[in-house]
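Reviewing the structure listed below.
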Amino acid sequence: MTARQSPPQRPLTARIRPEHEPFGLADYERHGGFQGLRAALKMGPQDVTGLVKSAGLRGRGGAGFPTGVKWGLVPMGPDAPKQKYIVANGDEMEPGTFKDRLLLEGDPLQFIEGMIIGGYAIGASIGYVFLRAEYVLAAERLKAAIAECHARKLLGRNILGSGFDFDLYLHTSAGRYICGEETALLNSLEGKRAVPRSKPPFPATAGLFGKPTVVNNIETLCNVPHIVHYGADWYAELSSGTTGSKDGGTKLYGASGKVKHPGCWELPMGTTVREIVDDHAGGMREGLKLRGFLPGGASTDFLTAEHLDVPMDYEHIAQAGSRMGTGLLIVLDDRTPLMAMLRNLETFFARESCGWCTPCRDGLPWTERILADFEAGRARASDIELLRQQTRLLGPGRTFCPHAPGAMEPLQSALKYFPDDFSAAVGRDGAGG
C-alpha cells in the first residue's frame, strides 16, 4: 500500500520537496514509485507504446514530436536488431530554461523509472543520460539513485523477475548547445565531433553506434511512469480545465526576466501566459511593464502583451506566430534595451555554432556585429534591411541543422514587433546615415 491513494494533479513535482534532498528508494516506493514500471512489465512492449501514444504525450524538449509515435518507429519483432538504445537528453543549454535540472535534482528516481519503461517499450537493454556538465548536483543525485536501483535489482539483469535486462549509464557532457540536437548528441556520445548528422537515416533505425535509438527529453520521460500507472484518460483530464488545449497532461512552465518571482511551476497544459506571469511569477517588478516575451526559450519568436491570454500549448502558440519550445518564458520589460538583449542572444548562438555549414558559421557572427553596431549607435539605415536579409539567408532550409534558424527567431520577430527600436538606434553617434 502506497502513501498516495488518489492520482496526483501535479505528478511531475508531487514528490519534490524544496530545500530537501530527494526521496531515497524506500520512500519513493512508499509514495507510489515504481508502480508504473510494475504495470508496464505486465504488458507487452508495444502495448506500452500504444498507451503512451493514446495519452498524447509530446516531447518536452522543444520540438513537441509525439512520444508514442517516435517509439513506434523503432523496429520490433524477431528480425529487429538485438541491440537498441534509449538516450535521455539532459543537455538543457537553451537560455532561460531550467526545468530538467529541477526534475533531476528533486526526483531522480522518477526519471530512472521513466527510462526503464521507455527501454522496455522499444526493446532497449542500455540507456544513457547525456547531462550538461554544469549540473553537478543533478549528476551526484542521479549517480546515487542509479546505484541504489542497481543494489535493489531495479537495474541490471532480470528486473523484477520479468526477464527484461536494462542498464543505465550517466555521461557528463563537455558542454555545447548544439548537443541539444539529437544527432549531434549521439555523435558526442560516440566520442566524435558534436556535429548534426544528415537524415535519413533517422536515429530510430540507425542511431547510437548505428543501432536503433530513441532520444527523449528528461521531462518527457518523467511523464511516462504516471501515464502507465494511472492511464491515458487520467492524463488527458489533467489539462481539461484549461482554455481549449488539445494537449494532455501537465507542463513545467517558468519565467525569467524582471518579474517579481522568477521560477518554474508545474501547471496544466494550456495554462495562459497571463496566469504564468501574473499569478505564479507575481507580475512585473514595480515600475515596469511587460513589453514582450520569448515563450519557449531564446530560440523562439517574440510575442507581445496582446498575446498574454494565449494558452501555452503547441497549437495555440504556433497560431500566435511562435513556438512552445521548452515552455519557459523570457520576459522583456519596457526599460531593458532591446538591442542589448538581441545582441546578447546572438552572441550566444554565434559562439555555440558547431561550424559545420557556412551560413551558420559566418552568418551568426556577422549578425552579432551588426547588432553591436545598433547597440552602440553606429548602425546605418541600410543595416535594418541587412538584418532582415540575414533572417532569410539563415532561415529554415538554408542551413544544415535548425541552430541558425532558431537563432533568427527572436531577431525576425523583433524586427516585426519593434521596428521603431531599430530606427531609433541608427546613427546616434553621427557615424550612421
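Summary table below
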| item | result |
| --- | --- |
| Residue exposure sequence - Met341, Met115 - by fewest surrounding Cβ within 10 Å | Met341, Met115 |
| Ser423-Leu308 FRET efficiency (beta carbon distance; Förster radius 25 Å; 0.05 resolution) | 0.45 |
| Positive dipole terminus of the stretch 250-333, leading residue within Val259, Gly270, Pro311 (C-beta point charges) | Val259 |
| Relative contact order for the stretch 66-149, counting Cα pairs under 8 Å that sit 6 or more residues apart, in percent | 41 percent |
| Förster radius 35 Å - calculated FRET efficiency between Lys199 and Ala174 (Cβ-Cβ, nearest 0.05) | 0.90 |
| Within the chain, percent of DSSP bridges classed antiparallel, to nearest 5 | 40 percent |
| Positive minus negative residues near Trp366 (Lys, Arg vs Asp, Glu; Cβ under 12 Å) | -3 |
| Lysines whose Cα lies under 19 Å from that of Lys258, excluding same-chain neighbours fewer than 8 positions away | Lys99, Lys289 |
| Compactness of the stretch 25-237, expressed as Rg and Dmax over alpha-carbon positions, Å | 15.9, 46 |
| Cα coordinate range in the stretch 250-333, projected on the principal axes (Å, largest first) | 33, 23, 21 |
| C-alpha center-to-center spacing [the stretch 152-225, the stretch 52-127] in angstrom | 8 Å |
| Rounded if a/c under 1.5, otherwise prolate or oblate - the stretch 300-369, Cα gyration tensor axes | oblate |
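Just so you know, all these numbers are worked out from the coordinates, no wet-lab data involved. It should be emphasised that the depicted structure is a prediction, and the values quoted were computed from it without experimental measurement. No Cβ is skipped: glycine too gets one built from the backbone with ideal geometry, and neighbour counts run over all protein chains shown.
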